[in-house]
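Throughout, read-outs are computed from the coordinates displayed, never taken from laboratory work. No experiment lies behind these values; they were computed from the predicted model shown. As a convention, Cβ positions derive from the backbone with ideal geometry for all residues, glycine included, and neighbour counts pool all protein chains shown.
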């Protein structure tokens, strides 16, 4: 029993690793920026998010391997209503630059043409995962913080890491190809 308690303590201490703290900081900044995005012009928004996303990707890729300590998923704070509101706000900020064609989606193997995606939806998906993660971290319970980090890391590897990279390509297009 003592071994199990010591092992759980060591695993939960990963949440205080410098790379985790850095990731938490950047994730919180990303969420805050998106929450305040309605006050930004499209140019201001695109310029800033193109600086946050690469940093977020780097910080997520530097996280130490984390395994969940529980069999239950951590509590979620982003409701469907909050998600839809965020997506709608981002759609307004991005305007006609919101849509892009993506070839790096699972459905592409069944199609001869690229799939239409929306930057607003991609950013809202990333926001949802990061906001849920930050919410649990703010509660300050080591075991749930660890499990939230493990889940966020898993989602990064399986989903939003690729979404982030694809979205950056579309944002790059808005920023640099509209200067003509």
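Given the options 133, 71, 45, state which has the largest fluctuation in a GNM of the chain using a 10 Å cut-off (strictly under) for Cα springs.
71
Taking the square root of 5 times each eigenvalue of the Cα gyration tensor, what semi-axes in Å does the equivalent ellipsoid of region 63-158 have, largest first?
Values: eigenvalues 177, 66, 18 Å².
So the equivalent ellipsoid measures 30, 18, 9 Å along its semi-axes.
At 7 Å along Cα-to-Cβ for each site, give me the label-to-label distance between residue 50 and residue 173 in nm.
Going from the residue 50 label point to the residue 173 one covers 1.4 nm.
Looking at the calculated P(r) for region 24-101, what percent of the C-alpha pair distances fall above 14 Å?
Numbers: 2157 of 3003 pairs.
Considering region 24-101, 72 percent of its Cα-Cα pairs are separated by more than 14 Å.
For the chain, find the longest principal axis of its Cα atoms and tell me its angle to the long axis of helix 42-61, 0 to 90°, nearest 10.
30 degrees
Calculated from DSSP H runs of 4 or more alone, at -39500 (n - 2.57) each and per residue, what is the 222 nm mean residue ellipticity of the chain, nearest 500? Provide the component values of the computation, followed by the final result.
Numbers: 7 runs with 116 residues, N = 180.
So the calculated ellipticity at 222 nm is -21500 deg cm²/dmol.
For the pair residue 88 and residue 165, what calculated FRET efficiency results from E = 1/(1 + (r/R0)^6), where r is the Cβ-Cβ distance and R0 = 30 Å, to the nearest 0.05? Write down the numbers at each step before the final one.
Values: r = 24 Å, r/R0 = 0.80.
That gives a FRET efficiency of 0.80.
Taking only Cα atoms, what is the 0 to 90° angle, nearest 10, from helix 161-177's long axis to the longest principal axis of the chain?
With rounding to tens, the tilt is 30 degrees.
Compute the long axis of helix 119-139 from its Cα atoms, compare it with the longest principal axis of the Cα atoms of the chain, and write down the angle in degrees, 0 to 90, nearest 10.
That works out to roughly 20 degrees.
At q = 0.14, 0.26 Å⁻¹, what log₁₀ I(q)/I(0) does region 51-95 have when each alpha carbon counts as one equal point scatterer in the Debye sum?
-0.66, -0.93
Subtract the Cα-Cα distance of residue 138 and residue 62 from 0.36 nm times their separation in residues, and report this length gain in nm to one decimal.
Values: separation 76, 0.36 × 76 = 27.36 nm, distance 2.12 nm.
Result for the pair: 25.2 nm of gain on full extension.
Determine the relative contact order of region 2-177: mean sequence separation of Cα pairs under 8 Å and six or more apart, normalised by residue count, in whole percent. Could you put the intermediate results ahead of the total?
On the way: 189 pairs, mean separation 56.0, N = 176.
This gives 32 percent for region 2-177.
Using only the alpha carbons, work out the radius of gyration and Dmax of the chain in angstrom.
Spelled out, the Cα radius of gyration and Dmax of the chain are 17.7, 68 Å.
Modelling each spin label as a point 7 Å along the Cα-to-Cβ direction, I'd like the residue 154/residue 13 distance in nm, to one decimal.
For the pair residue 154/residue 13, the computed spacing is 2.5 nm.
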